[in-house]
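Undergrad: Sending over a structure as structure tokens; questions will come in a sec.
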Amino acid sequence: MLIVDDKPENIVALEALLQRSDINLVTTTSPNAALKMCWDQDIPIALVDVQMPEMDGFELVEILKSNPRTREILVIFVTAISTESKYAVRGLAAGAVDYLYKPLEPTITTAKVDSFIQLVRNQREIKRKNAELESYQAELIKAKELAEQAKQVKERFLANMSHELRTPINGILGISHLLQNTHLDDEQRKCVDLLKVSSEALLGVINDVLDISKIEAGKFKIVRAETNVSNLAKSVADLMKFRADEKGIGLTVNFVGAVPKMIMADALRLNQILMNLLSNGIKFTDEGSVDLSVKVLNTENGRVQLEFAVTDSGIGISQERIDKIFESFEQATDDTSHKYGGTGLGLSIVKKLVELKGGQLHVTSTEGKGSTFAVVNWFEVVGNQTEDTAPKPGVNELTKFENVSVLVAEDNTINQFMIRKVLANWGLSVDIVENGEKALNILKEKAFDIILMDTHMPVMGGFEATRRIRTDMPEGVKDIPIISLSAAVLEEEKQLAYDAGVNAIVTKPFDLTVLHHNIEILVKKDR
Ligand code: ADP
């Protein structure tokens, strides 16, 4: 605390009054020296005499208030002039916070000074807390940036992992398919069938892990289209029938109420949900039957509330574990995965998918008697009830191509082998190169009707090669149809392929009918 007074005896009197251990007093008889002290030191409170020869108290306060470094100092005037209010007003207008009148009354003086000291302490505490908050805020911003980075790394990792895993599975599935069409004895055929079942199961697990990650990253899109409900329910049951037959249990489909023919639904995901529930029902039932029922619960202007329920007469789930089974990697008993296999991901995906579509998943179960898993949701009913009944051709009934040449850029040798066989079977003439650069080179010498381009290849990848074909190649070559053979599962990666200029994307591991269909369409369009 600074005391400024031209009379040393006044200073001594004030000092005597205010001397205490928690205050550090500095004093001067010169207002100019006082200004310097205020600039140099951290002074929060000043007691200033009003009448001084060199510079009066009002002027001194004006100078203090005009400088940002000294603006905050709390100034208390000490005066003998008069208690008249006009002086008080002038001092307060100049920026002082209070007046003390001489002769100083000790109790009032200490009380006032005490309250200003408390004010200063509070202000300092607020400043300190503010600085602390600012530093927390900076840390939070940094942590948020790190979390966002980590999320991106996870997504990249996911895309890469999916690519790395899908490419070899593509090879395994393709080659098992080729082997199935060769002459095999019974034992070999069994081995090949098992090979196919195992690789399909592996693909299922990879798909589940990717689905979970995509849902968690908020990247899952629900695509609603006209869907024939009863066909969907029946075809899911048909696909599962062989498993029920293998276990000697029944599998039935029931419709309750006026189930509309066509509704707006995400058929792919509804299929996935019902497949999962039916597959669990069959898996955990050894006697009796599994029933899929589609029931109308409610209807209201153009919408219908449907319940898809899968009821089994299997082992059931104990009440304590019934909430757990919807969590990732959780099973109803500790020996479930040992006895029945499985990753514990299925139901967690089903629940997330159902909720994403705006529906609910209910379960009721009695241990030893069986369970019912029911999905309830509202759907829009489609007025125009048409049906697409054209059967899909089997892989072996695919038409042969004539005079069509294909360039394949693919670095994985097993996939090269498999694709060459498949394409040659379809009557195509095939050239294979192992990277994008070699594809560009061969295109300068030889004409092709279509290109199948892998995405990730050493030296030059598929996107870069596609871009160069589209921009650098002469007329007649630059427009050649390109199908991207991609293991990409993320929408962004697919978008990158289209941005590079590909005409279509066939995802690995590819369905041969889909690949055939795409080649057929693009070659026809080009001729
Ligand atoms: P997974 O079957 O691959 O282990 P799910 O997420 O599909 O994973 O199921 C989690 C667990 O819930 C199963 O391991 C099983 O313990 C229990 N469960 C699921 N469906 C049934 C059912 N219909 N009957 C009895 N238990 C079931």
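Undergrad: Looking only at segment 165-323, where both bridge partners belong to it, what percent of the DSSP beta bridges are antiparallel (to the nearest 5)?
TA: Percentage antiparallel, nearest 5: 65.
Undergrad: Nearest 0.05, what FRET efficiency do Thr366 and Arg303 give at R0 = 41 Å with Cβ-Cβ as r?
TA: 0.80
Undergrad: Follow-up question, since we're still on this one. In deg cm²/dmol and to the nearest 500, what is the mean residue ellipticity at 222 nm of the chain if only DSSP H runs of at least 4 residues count, each as -39500 (n - 2.57), divided by the residue total? Could the numbers behind the result be given before it?
TA: Working: 15 runs with 258 residues, N = 527.
Roughly -16500 deg cm²/dmol at 222 nm, from the helical runs in the chain.
Undergrad: Sticking with this one: Given a 1.4 angstrom probe, I'd like the percentage of the accessible area of the chain that is carbon and sulfur, rounded to a whole number.
TA: Roughly 53 percent, rounded to a whole number.
Undergrad: Where a Cα-Cα gap under 30 Å defines reach, which lysines qualify for Lys151, not counting those fewer than 8 residues away within the same chain?
TA: Lys142, Lys214, Lys219, Lys221, Lys324, Lys351, Lys352, Lys357, Lys494, Lys508
Undergrad: Any chance you could check the Cα centroid distance between segment 1-72 and segment 457-527 for me, in angstrom?
TA: Comparing the Cα centres of segment 1-72 and segment 457-527, I get a distance of 82 Å.
Undergrad: Straight distance only, please: which aspartates and glutamates reach the Cα of Lys446 with their own Cα at less than 17 Å, same-chain residues fewer than 8 apart left out?
TA: Once the sequence-local aspartates and glutamates are set aside, what remains near Lys446 is Asp431, Glu434, Glu437, Asp472, Glu475, Asp479.
Undergrad: Of Asn32, Ala150, Val502, which is farthest on the positive side of the dipole of the chain, counting Cα position, with +1 on Lys and Arg Cβ, -1 on Asp and Glu Cβ, and the Cα centre as origin?
TA: In the chain, that residue is Val502.
Undergrad: Subtracting the Cα-Cα distance from 0.36 nm times the residue separation, let me have the gained length for Glu155 to Lys261 in nm, one decimal.
TA: 34.2 nm
Undergrad: If you roll a 1.4 Å probe over the heavy atoms of the protein chains, what accessible area per residue do you get for segment 450-527, in Å²?
TA: With the other protein chains kept in place, segment 450-527 gives 43 Å² per residue.
Undergrad: How far is helix 229-247 tilted, in degrees, relative to the longest principal axis of the Cα atoms in the chain, given as a value from 0 to 90 rounded to the nearest 10?
TA: 70 degrees
Undergrad: Still on this structure, please answer the following. Decide, for segment 1-78, between rounded, prolate and oblate: order the square roots of the alpha carbon gyration tensor eigenvalues as a ≥ b ≥ c, take rounded if a/c falls under 1.5, and otherwise choose prolate if a/b is larger than b/c, else oblate.
TA: In terms of gyration-tensor shape, oblate.
Undergrad: Then there's this: In terms of modelled amide H atoms, which long-range or inter-chain residues lie less than 5 Å from the amide H of Asp98?
TA: Distant-sequence amide H within range of Asp98: Phe77.
Undergrad: Further question: Using the heavy atoms of the protein chains and a 1.4 angstrom probe, tell me the accessible area per residue for segment 93-211 in square angstrom. Don't jump to the answer; show the numbers that get you there.
TA: Working: 7900 Å² over 119 residues.
Accessible area per residue: 66 Å².
Undergrad: 5 Å is the cut-off here: which amide hydrogens, built 1.01 Å from N in the peptide plane, fall below it relative to Arg303, excluding neighbours closer than 5 in sequence?
TA: Correct list: Val381.
Undergrad: To continue, here is another question. Against the longest alpha carbon principal axis of the chain, how many degrees, from 0 to 90 and to the nearest 10, is the axis of helix 186-216 turned?
TA: 20 degrees
Undergrad: What does the extension gain come out to for Asp114 and Lys219, with contour length at 0.36 nm per residue minus their alpha carbon separation?
TA: On the way: separation 105, 0.36 × 105 = 37.80 nm, distance 6.21 nm.
Full extension of this stretch gives 31.6 nm more.
Undergrad: Between segment 289-312 and segment 94-166, what is the C-alpha centre distance in whole Å?
TA: Measuring centre to centre over Cα atoms gives 57 Å.
Undergrad: Ranked highest first by average number of other Cβ atoms within 10 Å, how do 94-101, 299-306 line up?
TA: 94-101, 299-306
Undergrad: Moving to a separate point now. Testing the spin-label approximation: label points 7 Å from Cα along Cα→Cβ at Arg121 and Lys142. State their distance in nm.
TA: Spacing of the two 7 Å Cα→Cβ label points: 3.3 nm.
Undergrad: Out of all DSSP beta bridges with both ends in the chain, state the antiparallel percent to the nearest 5.
TA: Rounded to the nearest five, the antiparallel share is 45 percent.
Undergrad: Still on this model: Each label point is 7 Å from the Cα along the Cα-to-Cβ direction; what then is the distance between the points at Arg470 and Ser318, in nm?
TA: Rounded to a tenth, the inter-label distance reads 5.9 nm.
Undergrad: OK, next. Over the residues of the chain, compute the C-alpha Rg and express it relative to 2.2 N^0.38 Å.
TA: Against the empirical 2.2 N^0.38 Å value, I get 1.72 for the chain.
Undergrad: Now a separate question. In sequence order, what are the phi-derived ³J(HN,Hα) couplings for segment 428-441 according to the Karplus relation 6.51 cos²θ - 1.76 cosθ + 1.60 with θ = phi - 60°, rounded to whole Hz, with x for glycine and proline?
TA: 8, 8, 10, 10, 10, 10, 9, 7, x, 5, 5, 5, 4, 4
Undergrad: May I ask you to order 54-67, 152-165 by the average number of other C-beta atoms within 10 Å around their residues, highest value first?
TA: Result, highest mean first: 54-67, 152-165.
Undergrad: Run the quick spin-label model on Phe417 and Ile521: label points 7 Å from Cα toward the beta carbon, then report their separation in nm to one decimal.
TA: In this crude spin-label approximation the distance works out to 3.2 nm.
Undergrad: Let me ask something else about it. Output wanted: per-residue J couplings in Hz (rounded whole) for segment 18-27, from phi through Karplus 6.51 cos²θ - 1.76 cosθ + 1.60, θ = phi - 60°, x for Gly and Pro.
TA: 9, 4, 7, 5, 8, 10, 9, 8, 10, 9
Undergrad: Report the Cα centroid-to-centroid distance between segment 339-369 and segment 185-242 in angstrom, as an integer.
TA: 16 Å
Undergrad: When the dipole is taken about the Cα centre of segment 159-236, and only Lys, Arg (+1) and Asp, Glu (-1) are charged at their Cβ, what size is it in debye, to the nearest 20?
TA: So the magnitude is around 380 debye.
Undergrad: Can you give the angle from 0 to 90° between the axis of helix 267-283 and the longest principal axis of the chain, with both taken from C-alpha atoms, to the nearest 10?
TA: 70 degrees
The values are calculated or read from the model by the stated rules, or taken from the named source; none is laboratory data. Please read these numbers as outputs of a predicted model, since none were measured by experiment. Because the Cβ atoms are built from the backbone with ideal geometry, glycine has one as well, and the counts that use them run over all protein chains shown. In case anyone asks, the SASA skips ligands and DNA or RNA and just uses the protein heavy atoms, side chains included. Shrake-Rupley method; radii C 1.70, N 1.55, O 1.52, S 1.80 Å.
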